[in-house]
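Peer 1: Before anything else, here's the structure in question.
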Amino acid sequence: MIDEFKAWLEDNTGLYASLDAALDRLTPGSRILAVGPFSLIAAAIAGERVDEAAIELMCADEEALADFRRNIDLESRIPVRQGVEGVYDLVYAPMYVNHIPKKDLVAFLFDVYDCLSYNGHFIFSFEDSLRVDLSGERPVPLWFCDQEVMTKYYTVEDVLNTLVTIGFKVRGIEEVEVEGIVHAVSFDCTR
């Protein structure tokens, strides 16, 4: 799965534009939480770019974690967390929001807000919908491989209103460069 995602990223560099800027702002010893299976490569990139960064993962996808350990984190140095805990300078969650049931999304966003350091960044992306999705989760094929994931769609307005209500300061909203029927948006937020 990681190899397929790397190949997809070569054509869709907008997904990492906010991450690059955030990594440039971090100092040695910063704490980073990479959330979801699509953040695993970002964790490796952060480890190479930020001296002495304390990187942690939050990923329930056992297959993606196993692939990550086999191909990138061979010595299993990066710890895996079950939830958002501690204080972080950067929380990075690409394409994770779509896989959180609506009943759990607000709690997750509050947890992220509470764990951010002063001036910490929360950068995430999600596949958006033009209208409110009243249906439950549904299986959707991933655009870069043959796997399916359970997905829930949110509108940009829904997510933006929720972020502002929680207290996030939205620093940037950008379209992710994807082709075809997929449209995704990236948010860069601070406390």
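Just so you know, all these numbers are worked out from the coordinates, no wet-lab data involved. As the structure is a prediction and not an experimental result, all values here were calculated from the model.
Peer 1: What are the extents of the Cα atoms of the stretch 25-94 along their three principal axes, listed from largest to smallest and rounded to whole Å?
Peer 2: For the stretch 25-94, the Cα spread along each principal axis is 31, 22, 19 Å.
Peer 1: What is the distance in Å between the Cα centroid of the stretch 72-94 and that of the stretch 36-70?
Peer 2: 7 Å
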